[in-house]
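The next block holds one structure in the form of structure tokens; read it before the comments.
The values are calculated or read from the model by the stated rules, or taken from the named source; none is laboratory data. Bear in mind the structure is a predicted one, so any value in this text is a computation, not a measurement. Methodologically, a virtual Cβ is constructed for each residue, glycine included, from the backbone with ideal geometry; neighbour enumeration extends over all protein chains shown.
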Amino acid sequence: MQHIILRLKNIIWILMLMAGLGLILQSAEARADIAELTIGIGIDADTLNPQEQTTSLPMNMCELIFDTLVYQTTDAKLEPRLVAGHEISSDGLVYTLKLRQGVKFSDGTPYDAKALKLTFDRALDPKMRVPLRFIINMIKEVSIVDDYTLQITLKYPFAPFAPSLSQVLVSPISPAAIEKYGDDIRQHPVGAGPYVLKEWVKGDRIVMVRNENYYGPKPTVAQLTFRIVPETATREAMLRAGQIDICYKPLPSNLAALEADPNITVEMPLDTRVIFMGLNCKKGVTANKLVRQAFNYAVDKKAIVNKILFNTAVPMEGPVSPINFGYHKMEHQYGYNPEKAKELLKKANFDFSKTVQMRTPNGRYLFDKQVSEAIQAYLQAIGVKTELRTYDWPTYVAGLLKPIEETELEVFLLGWGPMVMDADLTLYGQFHSSVNPPKGLGAAHYSNPEFDKAIEESRLEQDPQKRLALLIRASEIVWDDCPWIWLHTEKFVIAYKSKIKGMVVTGTELFYPTYVTIK
Amino acid sequence: MLNYIIKRLFSTVPVLIGISLLLFFMLRMLPGDPAQVLAGQMATPEEIENIRQQLGLDRPIYEQYAAYLIRLARLDLGRSARTQNPVTQEIWARLPNTLLLAVVAITLACLFGIPAGIISAVRPYSWIDYLVTTSALFGMSMPVFWLGLMLVVVFAVILKWLPAGGTGSWQHVILPSITLAAFVVAFIARMTRSTMLETLSQDFTTTARSKGLQERVVVIKHAFKNAMIPIITVVGLQFGLLLGGAVLTETVFAWPGLGRLIVDSILARDYPVIQGAILIFGLLYIMVNLVVDLIYALVDPRIRYD
């Protein structure tokens, strides 16, 4: 009898131990069914029609609602999403898209080639407001092959076309919703993404709930609430107080404190956005290449990154962001060397009596005015007289697109952040002769036939390795010509509660809380 | 009285047309192109031109104004250039929040400011008077932005008693209304103090006292009643200012009000929203003034609008 009692006791002990262990294991296990995550953001969405968007944050929201045709990974590779696979003709002119089958929009409408064609037709329709149409402007024709195959013919070969399909601009919109809401689709977005818009209280919050019909794995978070908190300090306070779970773009000056908090995780991958001081290559003192090179030597970019930007950026070591396909660290670097700068100015017979006009936006980019003021001080330190003018963004941007005869731009701060991780969008978009204002956005008015040739060839080249070589060639030419003071590549900063695991944060300023877990 | 009100209401029409005219042309004198801001930095010049045409900004300015006035006559404020939503929808989504915050703040300001001013006037140069005047000085000098952030740090982050920002419950109103009321309460307290000091030294108060009336009755029934007209004027003006000037408080506390809408719209050169919202502010301001004038008649029997 005693033996039995002893055995029973042992069994109870073992059971209790197992239960305790189970509890411990359970508490350490990540929870994959989260009722709600609240994200503190700075701005409200103007529209949730993905074709009308230009800003990364509402684009992020659109992506959660609509998904994308393909997904560009953080290392610039393409993964299938709503397009299961694609083929490119040997001449690079025809793209055949194989659509994912068995997908439905969140309103139950089937997703097929007809639906996707409608999306493309709307994006290409000149009557529609599609600010970023240039991304797909090379499309000549879109035709349906069968229910799940779409063929896109380009006007000319354009190698970065495939990554362009990762943009929400071409994310399929439910045809039934288009018919029902018309232009008001911007208020009632219906897509095939992991989330569905539940509520949009203007200026206050945007609430999304899980799309129960989503074709992919079921999202772990049932509800995402984007709370609009314009003041960064308040957003940070809310994160510390536990009133939000994710803080979008906290203030760099407070990052050290946030990083020191064990309850908060800070992520800051490199962004595609580069910040530069444009130098007018056709007019004024900066038309001389030696002067432009001198200005590059005169500025201590590392000090700007450390002291002004609190290391939320890295100095540029090539003309595009390091995360782009086509990036190459340039062999020659313009390290801080004021003596060399003075020497080059002397060689260029620089007129020190002239006052160089500098311009800067205020509040558009991170510490833009302060960075410009630092550059002004650096230029003054090598004897260059400068005058810095500050503008609000609408006034500033109005001065960028003027033709060379009218432009007053000499030295001006600007940023450039393409959504596609491909060097072409910066190299061609800023430096090809054809983008000189007023036709394009290359406000530095840079023009070099040798560079044009290299970048044009890169657009035609379908072999990635050969294309990479051509992009590097183009980069070397423009790096030497210095149409910009090459400043820095920004980082995309996001802070969230440490118990959140598995957040995906990209350099195109996107984040995906879709499959996070909570520990 | 009714005739007076109707007359006043009719007189708002030319005032509003005046506001619309000034605003329309002044906005267009600002540098910056709404189409370019809307299109984003990467859009091509063709796309910008396309948007300009869609917004009707390529038409002559007088034609644009005429079209605007015709729409206005139909109570149509147009569509936001940024969101493409009707401006009325954008305004109505935020107006109740602005009104709520302004009403709570002005009520708080009156509840604290008027008694503080009276007590301070009744006991001039006493410790309580110094306390009130010094607090008022602090209230008026403290930057709204700083005060708001301090309240957030103390009550939301450290004590975790109240939400740091947003809307949704009565707790959300507390911190922004205190911040907004801080300046107004100081202003009202100082105004009440000086007016009360003046009335308390006048002959009719001396008469009331010599009649043997209690000091409480002298202060409230005689002195305060006579000091009310300037106080009501100040409260009315401050309320009008609160309606439009709460943008800093709205920003700190993520309060979705009209002030923030206007600032965002100015930064995006969203002309229809700026015009619509300022017109509504103008209308509210006129209404507040009308109500203040009517209250005069209630408080002072000598004022009649017949």
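Here are a few things to note about the model shown:
- Residue check, B:GLY148 of a type outside the set (A, V, I, L, M, F, W, C), at pLDDT below 90, touching a helix residue (DSSP H, G or I) at 6+ places or on another chain (Cβ under 9 Å) and in a helix (DSSP H, G or I): no
- Test result for A:MET128, more than 24 Å from A:ARG467 (Cα to Cα), touching a helix residue (DSSP H, G or I) at 6+ places or on another chain (Cβ under 9 Å), within 14 Å of another protein chain (Cβ to nearest Cβ) and surrounded by fewer than 21 Cβ atoms within 10 Å (Cβ to Cβ): yes
- Elements of type helices (runs of 4 or more DSSP H) contained in region B:190-284, each with 3 or more residues being more than 14 Å from the chain's Cα centre (by Cα): B:203-210, B:225-244, B:258-267
- Top-ranked residue in region A:438-453 [being surrounded by fewer than 17 Cβ atoms within 10 Å (Cβ to Cβ) and charged (D, E, K, R); ranked as nearest to the other protein chains (Cβ to nearest Cβ)]: A:LYS439
- Pairs meeting the criteria (first residue in region A:237-250 and touching a residue at least 24 places away in the same chain (Cβ under 8 Å) and at the interface with another protein chain (Cβ under 7 Å from one of its Cβ atoms), second residue hydrophobic (A, V, I, L, M, F, W, C) and outside any helix (DSSP H, G or I), beta carbons under 8 Å, at least 6 apart or on different chains) are A:MET238/A:VAL229; A:MET238/A:ILE244; A:MET238/A:CYS247; A:MET238/B:ALA164; A:ARG240/A:ILE264; A:GLN243/B:ALA164.
- Within region B:86-128, considering residues that are within 14 Å of chain A (Cβ to nearest Cβ) and touching a Ser or Thr at 6+ places or on another chain (Cβ under 9 Å), the one surrounded by the fewest Cβ atoms within 10 Å (Cβ to Cβ): B:GLN89
- Scanning region B:58-83 for residues that are within 14 Å of chain A (Cβ to nearest Cβ) and in contact with a Lys or Arg (Cβ under 6 Å, 6 or more places away or on another chain) gives no hits.
- One residue from A:LYS329, A:LYS369 being farther than 30 Å from A:LEU169 by Cα, without any contact (Cβ under 8 Å) to a residue 24 or more places away in the chain and not in a loop (DSSP other than H, G, I, E, B): A:LYS369
- Residue within region A:65-88 that is farther than 30 Å from A:ILE39 by Cα, at pLDDT 95 or above and either surrounded by 20 or more Cβ atoms within 10 Å (Cβ to Cβ) or among the aromatic types (Phe, Trp, Tyr) (or both) present: no
- Residues (more than 8 Å from chain A (Cβ to nearest Cβ), over 32 Å from the mean Cα position of the chain (by Cα) and charged (D, E, K, R)) located in region B:9-57: B:GLU46, B:GLU49, B:ARG52
- The residues of region A:431-471 that are closer than 20 Å to A:TRP486 by Cβ and in a loop (DSSP other than H, G, I, E, B), listed by number, are A:HIS432, A:ASN436, A:LEU441, A:GLY442, A:ALA443, A:ALA444, A:HIS445, A:TYR446, A:SER447, A:ASN448.
- Each residue in region A:401-430 was checked for being within 8 Å of chain B (Cβ to nearest Cβ), touching a strand residue (DSSP E or B) at 6+ places or on another chain (Cβ under 8 Å) and either in a loop (DSSP other than H, G, I, E, B) or over 30 Å from A:PRO464 (Cβ atoms) (or both), and 1 of them qualify.
- Residue in region B:78-88 that is basic (Lys, Arg), within 26 Å of the chain's Cα centre (by Cα) and not in a helix (DSSP H, G or I) present: yes
- Filtering region A:266-305 to residues that are surrounded by fewer than 17 Cβ atoms within 10 Å (Cβ to Cβ), out of contact with any helix residue (DSSP H, G or I) (no Cβ under 9 Å at 6 or more places or on another chain) and assigned to a helix (DSSP H, G or I) leaves A:ALA287, A:LYS302.
Residue-by-condition table, conditions (1) within 18 Å of A:VAL285 (Cα to Cα); (2) buried (at least 18 other Cβ atoms within 10 Å of the Cβ); (3) not charged (D, E, K, R):
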site: A:ASP368; (1), (2), (3): no, yes, no
site: A:GLU373; (1), (2), (3): no, no, no
site: A:GLY383; (1), (2), (3): yes, no, yes
site: A:VAL397; (1), (2), (3): no, yes, yes
site: A:PRO403; (1), (2), (3): yes, no, yes
site: A:GLY417; (1), (2), (3): no, yes, yes
site: A:ASN436; (1), (2), (3): no, yes, yes
site: A:GLU456; (1), (2), (3): no, no, no
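- Residues satisfying the criterion are present in region A:444-459 (criterion: in contact with a His (Cβ under 8 Å, 6 or more places away or on another chain), among the hydrophobic types (A, V, I, L, M, F, W, C) and at pLDDT 90 or above).
- Scoring A:PHE310 on the criteria (1) in a loop (DSSP other than H, G, I, E, B); (2) in contact (Cβ under 8 Å) with a residue 60 or more places away in the chain; (3) not charged (D, E, K, R) leaves a single failure, condition (2).
- Taking the criterion of being in contact with a Pro (Cβ under 7 Å, 6 or more places away or on another chain) and farther than 13 Å from B:ALA268 by Cβ, the residues of region B:32-52 that qualify are B:ALA43, B:PRO45, B:GLU47, B:ASN50.
- The residues of region A:485-505 that are buried (at least 22 other Cβ atoms within 10 Å of the Cβ) and assigned to a loop (DSSP other than H, G, I, E, B), listed by number, are A:PHE492, A:VAL493.
- Members of region B:135-165 that are among the small types (Gly, Ala, Ser) and either more than 22 Å from the chain's Cα centre (by Cα) or at the interface with chain A (Cβ under 9 Å from one of its Cβ atoms) (or both): B:SER135, B:GLY148, B:ALA156, B:ALA164, B:GLY165
- The one condition from (1) out of contact with any strand residue (DSSP E or B) (no Cβ under 7 Å at 6 or more places or on another chain); (2) within 14 Å of chain B (Cβ to nearest Cβ); (3) under 16 Å from A:LEU224 (Cα atoms) that A:GLY193 does not meet is (2).
- Each residue in region A:168-188 was checked for being within 22 Å of the chain's Cα centre (by Cα) and within 14 Å of chain B (Cβ to nearest Cβ), and 3 of them qualify.
- Filtered residue count, region B:108-134, keeping only those that are of a type outside the set (D, E, K, R) and more than 26 Å from the chain's Cα centre (by Cα): 11
- The residues of region B:266-298 that are over 17 Å from B:LEU72 (Cβ atoms) and aromatic (Phe, Trp, Tyr), listed by number, are B:TYR285, B:TYR296.
- Of all the residues in region A:44-68, those that are away from chain B (no Cβ under 13 Å) and not in a helix (DSSP H, G or I) number 2.
- Scanning region A:202-215 for residues that are surrounded by fewer than 22 Cβ atoms within 10 Å (Cβ to Cβ), more than 11 Å from chain B (Cβ to nearest Cβ), touching a residue at least 60 places away in the same chain (Cβ under 8 Å) and not hydroxyl-bearing (Ser, Thr, Tyr) yields a total of 1.
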